[in-house]
Amino acid sequence: MKTFISELEQHKAVIEGLADCSDAIEAAGALLIKTLNQGGKILLCGNGGSAADCQHIAAELVVQYQKSRKALAAIALTTDSSILTAHSNDFGFETVYARQIEAIAGEKDCLIAISTSGRSKNILKAVDAARLKGMVVIGLTGCEGGELVKHVTHSVIIPSNVTARIQEAHILIGHWWCGAIEDCLDTEDRALTVGALGDAGAVAEGAH
């Protein structure tokens, strides 16, 4: 049996390895800020634990992460049980996210496509649907990127082949994106302005 310390050491090694991904992470953050600044939405899709990460990140953006500010447009495509089950039953699971993108997305929007392996078929089809709409697509993955990195606008690849470690890195990056977005909120009109750091409101202790 692995000890907790050995698991912790593996976790630390992956997190420290993200330093080599910092340019890609920050560039993706800038794309998210641009999306919101031009009136677009951030859409997210993933499976299993990655689906939970989609909901987590969307909640931080719509409600708040650390600062009191206006609501930000973010939608996890993983949450509507009627859409998910109806489409999976009638058409199949592979297009369950692509269908939602067809319905609600526009060219000003950005999709965050999360797949630890980079091979999930429904994520790849969602990416293709988003690109057809003219959307920016950020791929958040691991395992050397898989097929996903060939289809997205911009990718962040976690340097690990262990699903749990990849997911832990994903939510850290998601939190950093939320904080970066809040830091770029202008203090006067709450518009998103890259580089406008300053205090955008009192730091709130979130209940989530």
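Key figures
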| read-out | value |
| --- | --- |
| Answer residue from segment 33-50, given it is among the polar types (S, T, N, Q) and out of contact with any Cys (no Cβ under 6 Å at 6 or more places or on another chain) and is surrounded by the fewest Cβ atoms within 10 Å (Cβ to Cβ) among those | Gln38 |
| Single match in Ala24, Ala30 (criterion: within 12 Å of Cys110 (Cβ to Cβ), of a type in the set (A, V, I, L, M), surrounded by fewer than 19 Cβ atoms within 10 Å (Cβ to Cβ) and touching a residue at least 40 places away in the same chain (Cβ under 8 Å)) | Ala30 |
| Count - residues of segment 1-30 that are over 13 Å from Ile173 (Cβ atoms) and not charged (D, E, K, R) | 10 |
| Answer from Val152, Val137 - the residue that is hydrophobic (A, V, I, L, M, F, W, C), in contact with a helix residue (DSSP H, G or I) (Cβ under 7 Å, 6 or more places away or on another chain), assigned to a loop (DSSP other than H, G, I, E, B) and over 17 Å from Ala19 (Cα atoms) | Val152 |
| Residue satisfying condition, being assigned to a strand (DSSP E or B), at pLDDT 95 or above and either of a type outside the set (Val, Ile, Thr) or more than 30 Å from Asp183 (Cα to Cα) (or both), within set Leu43, Leu32 | Leu43 |
| From Phe91, Phe4, residue being of a type in the set (Phe, Trp, Tyr), free of Cβ contacts under 8 Å to residues at least 40 places away in the same chain and within 26 Å of Ser160 (Cβ to Cβ) | Phe4 |
| Number of the condition not met by Gly179 [criteria: (1) surrounded by 19 or more Cβ atoms within 10 Å (Cβ to Cβ); (2) in contact with a Lys or Arg (Cβ under 9 Å, 6 or more places away or on another chain); (3) modelled with pLDDT of 95 or more] | (1) |
| Residues satisfying the stated conditions in segment 67-77, i.e. touching a residue at least 60 places away in the same chain (Cβ under 8 Å) and either outside any loop (DSSP other than H, G, I, E, B) or farther than 21 Å from Cys178 by Cα (or both) | Lys67 |
| Output for segment 156-166, where each listed residue is surrounded by 22 or more Cβ atoms within 10 Å (Cβ to Cβ) and under 16 Å from the mean Cα position of the chain (by Cα) | Val156, Ile158, Ile166 |
| Cross-chain or 6+ apart pairs with Cβ under 7 Å, segment 161-176 first and under 21 Å from Ser6 (Cα atoms), then surrounded by fewer than 15 Cβ atoms within 10 Å (Cβ to Cβ) and modelled with pLDDT of 95 or more | none |
| Within segment 67-77, tally of residues that are buried (at least 20 other Cβ atoms within 10 Å of the Cβ) and farther than 19 Å from Asn37 by Cβ | 2 |
| Every residue from segment 127-146 that is within 20 Å of Gln167 (Cα to Cα) and buried (at least 24 other Cβ atoms within 10 Å of the Cβ) | Val127, Val137, Ile138, Gly139, Leu140, Thr141, Gly142 |
| Every residue from segment 52-66 that is part of a helix (DSSP H, G or I) and surrounded by fewer than 19 Cβ atoms within 10 Å (Cβ to Cβ) | Ala52, Gln55, His56, Ala59, Val62 |
| Selection from segment 78-97 of residues that are β-branched (Val, Ile, Thr) and either outside any loop (DSSP other than H, G, I, E, B) or surrounded by fewer than 22 Cβ atoms within 10 Å (Cβ to Cβ) (or both) | Thr79, Ile83, Thr85, Thr95, Val96 |
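The values are calculated or read from the model by the stated rules, or taken from the named source; none is laboratory data. Quick caveat: nothing in here was measured; it's all calculated off a predicted structure. FYI the Cβ positions are ideal-geometry reconstructions off the backbone, even for glycines, and counts take in every protein chain you see.
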